[in-house]
Amino acid sequence: MSRGTVVAKRYARALFDLAREQDAVASTENELKLIADAIEANADVRVFLSAPNITLDKKIALLRGTFGDKMSQNVLNTVSLLVERGRETEIPAVLDAYMSVAGGVLGRADALVTSAKALTPEQAEEISTQFAAIIGKKVRVIGQVDESLIGGITVRIGDTLYDGSLRGKLNRLSKELQTSL
């Protein structure tokens, strides 16, 4: 596990604990997503926040001025602390970690779906629906492409891997043939 991931999980866990105490788990997730999306979408903001020649006060003032009326104090304080400690690049990772932690409380699970080609929104929705029925939770599909699968998909939800890929089927068939000889 990379150092950044560990740091992101610590911040996410602390923010989650505060949000749960205030019964604001879902709204905190939405607020954090709004900030992460805004930073990710705007290169100027990323450069501004990571510029060493801009004072911390100006960076915090930008965040508070831009998001102050849309954000809870907990989210603003967490993001400000990340910026203060030079970890502004960790904001998207904190969001991902927060969403994973909050998923249990919100009755949601993340499914890492790997396919040979990018999934269409319709395919992602169908996968979400099918796996929601299997695990009894809402499923958020996170897609990634691995052309070596040849066809089909693999789905990882927590520690469970569902392998419906052509590569996986060929590997299983090969093992069966080897054991039967």
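The values are calculated or read from the model by the stated rules, or taken from the named source; none is laboratory data. Everything numeric in this text was worked out from a predicted model, so none of it was measured. Glycine also receives a Cβ, built like all others from the backbone with ideal geometry; neighbour counts cover every protein chain displayed.
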Counted residues, region 4-13 - those being farther than 13 Å from S100 by Cα and either β-branched (V, I, T) or out of contact with any Asp or Glu (no Cβ under 8 Å at 6 or more places or on another chain) (or both): 2
From (1) of a type outside the set (K, R); (2) part of a helix (DSSP H, G or I); (3) crowded, with 18+ Cβ neighbours inside 10 Å; (4) modelled with pLDDT of 90 or more, pick out the condition that doesn't hold for L119. (2)
Within region 38-54, can one find any residue that is assigned to a loop (DSSP other than H, G, I, E, B), assigned by TED's automatic domain parsing to the domain that holds F67 and touching a helix residue (DSSP H, G or I) at 6+ places or on another chain (Cβ under 8 Å)? yes
If you take the residues of region 59-86 that are modelled with pLDDT of 90 or more and assigned to a loop (DSSP other than H, G, I, E, B), which of them is surrounded by the fewest Cβ atoms within 10 Å (Cβ to Cβ)? R85
Within 30 Å of G104 (Cβ to Cβ) and in contact (Cβ under 8 Å) with a residue 12 or more places away in the chain: which single residue out of L32, L49 fits that description? L32
Which pairs turn up if I take residues in region 117-129 that are in the same structural domain as S165 (by TED's automatic domain parsing) and within 15 Å of T154 (Cβ to Cβ) and look for partners that are of a type in the set (V, I, T) and part of a helix (DSSP H, G or I) with beta carbon separation below 8 Å, at least 6 apart in sequence or on another chain? L119/I127
Out of everything in region 135-180 that is under 23 Å from D96 (Cβ atoms), in contact (Cβ under 8 Å) with a residue 40 or more places away in the chain and not hydrophobic (A, V, I, L, M, F, W, C), what residue ends up being surrounded by the most Cβ atoms within 10 Å (Cβ to Cβ)? T154
All positions within region 60-93 that are touching a Phe, Trp or Tyr at 6+ places or on another chain (Cβ under 7 Å) and within 17 Å of A24 (Cα to Cα): L76, T78
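Hey, any hits in region 20-28 for a residue that's at positive phi and not in a helix (DSSP H, G or I)?
So far as region 20-28 goes, yes, one or more of its residues are at positive phi and not in a helix (DSSP H, G or I).
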So, of the residues in region 90-124 that are touching a helix residue (DSSP H, G or I) at 6+ places or on another chain (Cβ under 7 Å) and among the hydroxyl-bearing types (S, T, Y), which turns out to be farthest from S148 (Cα to Cα)? Y98
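Every residue, every condition in (1) hydroxyl-bearing (S, T, Y); (2) without any contact (Cβ under 8 Å) to a residue 60 or more places away in the chain; (3) not assigned by TED's automatic domain parsing to the domain that holds A43, yes or no:
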| position | (1), (2), (3) |
| --- | --- |
| F67 | no, yes, no |
| N74 | no, yes, no |
| S80 | yes, yes, no |
| V94 | no, no, no |
| A97 | no, no, no |
| A133 | no, yes, yes |
Of all residues in region 36-55 being loosely packed, with under 10 Cβ neighbours inside 10 Å and of a type in the set (A, V, I, L, M), which is nearest to F67 (Cα to Cα)? A41
Qualifying positions in region 25-73 - under 24 Å from the mean Cα position of the chain (by Cα) and acidic (D, E): E29, E31, D37, E40, D44
